[in-house]
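Working notes, beginning with the structure itself.
The values are calculated or read from the model by the stated rules, or taken from the named source; none is laboratory data. For clarity, every value in this text was computed on a predicted model and none was experimentally measured. We place every Cβ from the backbone using ideal geometry, glycine too, and count neighbours over all the protein chains shown. Calculation scope for accessible area: heavy atoms of the full protein, side chains included, ligands and nucleic acids excluded. Shrake-Rupley method; radii C 1.70, N 1.55, O 1.52, S 1.80 Å.
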Amino acid sequence: QITTLINHKDKPKRSDKTLQAIQRVGQAVNLAVGRFVTVGEAIANENHELKEEMSVACIEARRAGETIAQLTDVASLDHPESDSHITIFTDKTGVVKAARLLLSSVTKVLVLADRIVIKQIITSRNKVLATMEQLEKVSSFQEFVQIFSQFGNEMVEFAHLTGDRQNDLKDEKKKARMAASRAVLEKCTMMLLTASKTCLRHPDCESARINKDGVFHRMRLALEQVIEIVTDSRPNGESQMAPISIYSGIKEFKNKVEGLRENLYFLSKENLSTMLEVVLEHTEDFTDSAYTSHEHREHILELSKQAKMELEQLVSVWMQAQNQKTKDLMEDLEVAILKTCQCMNELKREVHSAATSLAADLLKYHTDHMVLKALKITGVEGNLEAVAEYTCKLSEQKEQLVEMCRLLRHVSGTEPLEITCIHAEDTFQVTGPQIISAAETLALHPSSKIAKENLEVFCEAWESQLSDMSLLLREINDVFEGRRGEKRVYLSLPRPGKHNANLKALKPVKLDSEEQAKIAKLGLELHLLTSDVDSETEKWEDQENEIVQHGQGMSSMAYSMYLFTRGEGLLKTTQDLFHQAEIFATEGTKLASALHALSDQVRDDDKPLLLLEAEKLISMCKQLQATAKASAQGKSATFTKVDACILKTRNVMTLLCQLLPLCCKLLRKNKAGNGCLKPAPPWKEDRIQPGTNARTPERRVETFGITSLENHVTNMTFLESK
């Protein structure tokens, strides 16, 4: 809204409609600031140490909002008595100053509020650590039950605080690290319960003590990492540099090589040679690995040798071109650049194939969990010799899986996926020895129910991580094949070269600043609707539901269209926007199909309403698709088409805001046992959902098992009686 005001162009003639629109925007800004400041003041009253700073920032923001409202009070300009009234037309600089003051004071309020949130998380972590210390020293079961109940409540609070923080993080790398740490805390909470109970039941058992100590140590590390992410710091000021992956090394090397087209002097040949050497050193992780096939090893060595030769040829032509910039030499340089980049692409493809084929084979081989099953059986039998034999096999399996994670990290393609690979490697490294100590404890006490339960919990964690690896492998392949980008934004843009026949016919253009100003209000409405839709989808318990996934996809696409109206985001041209509108309409049609499927299960009373809304959605999506596909010649016609696409997208999103709560209500009624849904056919229970949503893994980790944590706390009442 502020951007719209600042970019407003003065015109000699001002219509009543323009004056009213400006006044509405000014009032909207003032009202929004008022609501914002009210929250800021409430936060100040609850946190006395920052009350003064927060109050000053709130006063400044309120004053700036009121100034903007006064300067945009232009509805009475047509009356002669108001000639002396200062407005946006007579004092544009006043609006600019007020806007700067507003943004400055709002930023101060946000920074202060952020400090309070960080303090809350640190305080919550300290509570958890203090209770963990008590749990470690406890000697009676009754005392343990009481303290663990308190610990569970504190962990639930910590889960909520860190979950909100994770959602607020903009840095994808930090977000992935936070998700990994919270996943550790979720799994370790149950492990801590069973490991501690086993230790209390068998106080003289060394393997039980080792098992428990391992859980406490891992939880402390995870808690520390959360605080490092939240405070953006590391202990003792040290910085942790993650080792470079082959993918990122190749990407950086190719960027430098291709940069020679623009500037022959921006780096030295020694720098380029060093960069290639670093990449080739990392390929040794593949060639030295006992698990890389002979064929892959030979290809990687061959391509490494070829890369060195291509670079030598490139450097030779490059040095000549620096001395004498002839047409022939520049053509030779272009050929050398293309051949070097092609060689690096082939090397990238080969290491990807080596890592993913190894991962697929290992995950398939270990899917039956035979070693874990054998450990459980031999442990219950008290067969120490057999347990020792199977622990050796588990150690071998652990080494294979750790090596798999290391190789996958090199080809993961994005920083968040790299972090997920590192987290998986750590999990296998830690969980393997913990399973072994739990199995040894059971073998020493074969009749102990709690020792058996403890082994089950650690085995489940191992199986869960293997299952997660299958999802991770699918994501890595999706990134490699271009099916998923680094961002959350849902995009289905045509790739260059994919439709070569049509490229000449398209004349993609961008909106100029005047057109952006015209469409700003419509874009803003679309932005607000995406927030509403996101808010509605978050209320659904089942995030895997087809209706939710289509809704999330449409919201993400609508958001990218809003960014286009501001000249931002990944939709760069009007052609990109029209293509996105077509994909949006297709997604809406798929959602309508999901609504029809739901209506088959709904009782007769609710069915007509649901079908009516579904038909409305189909009609709107057809209209949008027709608009997006219609030809438009000339600047004016193209802008009219853009305006129509945004307007129709807004209408669909408005309907979506009504549909989501309706469907959610019907499903909740069913869950409560009100019988509003008919039972689904039996075959649906075993149906495998095809494909994964780009946001699915993040959703899976973000929940942090708050429900399961709360269940642990609730179930503690039964432990005492046992």
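Restricting to region 632-649, name every residue that is assigned to a helix (DSSP H, G or I) and open to solvent by 30 Å² or more (accessible area, probe 1.4 Å).
Matches in region 632-649: K635, S636, A637, F639, T640, D643, L647, K648.
Here's a check for you: in region 33-44, which residue that is in contact (Cβ under 8 Å) with a residue 12 or more places away in the chain and of a type in the set (A, V, I, L, M) is nearest to I68 (Cα to Cα)?
Let us first name the residues in region 33-44 that are in contact (Cβ under 8 Å) with a residue 12 or more places away in the chain, namely 33-34, 36-37, 40-41, 43-44.
After this cut, where a residue has to be of a type in the set (A, V, I, L, M) as well, the list is 33, 37, 43-44.
Working: V33: 11, V37: 15, I43: 25, A44: 25 Å.
The selected residue is V33.
Applying the selection to region 321-331, what residues are part of a helix (DSSP H, G or I) and exposed (fewer than 15 other Cβ atoms within 10 Å of the Cβ)? Walk me through how you get there before you give the answer.
The first filter runs over region 321-331 and keeps only residues part of a helix (DSSP H, G or I), leaving 321-323, 327-331.
Listed by number, the residues that qualify are Q322, N323, K327, D328, M330, E331.
Yes/no matrix, rows are residues, columns are (1) touching a helix residue (DSSP H, G or I) at 6+ places or on another chain (Cβ under 6 Å); (2) among the hydroxyl-bearing types (S, T, Y); (3) free of Cβ contacts under 8 Å to residues at least 60 places away in the same chain; (4) not assigned by the TED database to the domain that holds E258:
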residue: L333; (1), (2), (3), (4): yes, no, no, no
residue: L338; (1), (2), (3), (4): no, no, yes, no
residue: L347; (1), (2), (3), (4): yes, no, no, no
residue: A360; (1), (2), (3), (4): no, no, no, yes
residue: D368; (1), (2), (3), (4): no, no, yes, yes
Quick one: what pairs do we get from region 9-32, first residue under 30 Å from C58 (Cβ atoms), second modelled with pLDDT of 70 or more and outside any helix (DSSP H, G or I), C-beta under 6 Å, 6+ apart or different chains? I22/T72; Q23/T72; G26/T72
Tell me, please, whether a residue that is crowded, with 18+ Cβ neighbours inside 10 Å and without any contact (Cβ under 8 Å) to a residue 24 or more places away in the chain can be found in region 568-588. no
Filter region 7-24 for residues that are closer than 11 Å to V95 by Cβ and modelled with pLDDT of 65 or more and give the result. I22
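Which residues, counting only those in region 162-171, are surrounded by fewer than 21 Cβ atoms within 10 Å (Cβ to Cβ) and either within 16 Å of A183 (Cβ to Cβ) or in the same structural domain as E538 (by the TED database) (or both)?
Kept after step one, since they are surrounded by fewer than 21 Cβ atoms within 10 Å (Cβ to Cβ), are these residues of region 162-171: 163-164, 167-171.
Within region 162-171, G163, N167, L169 qualify.
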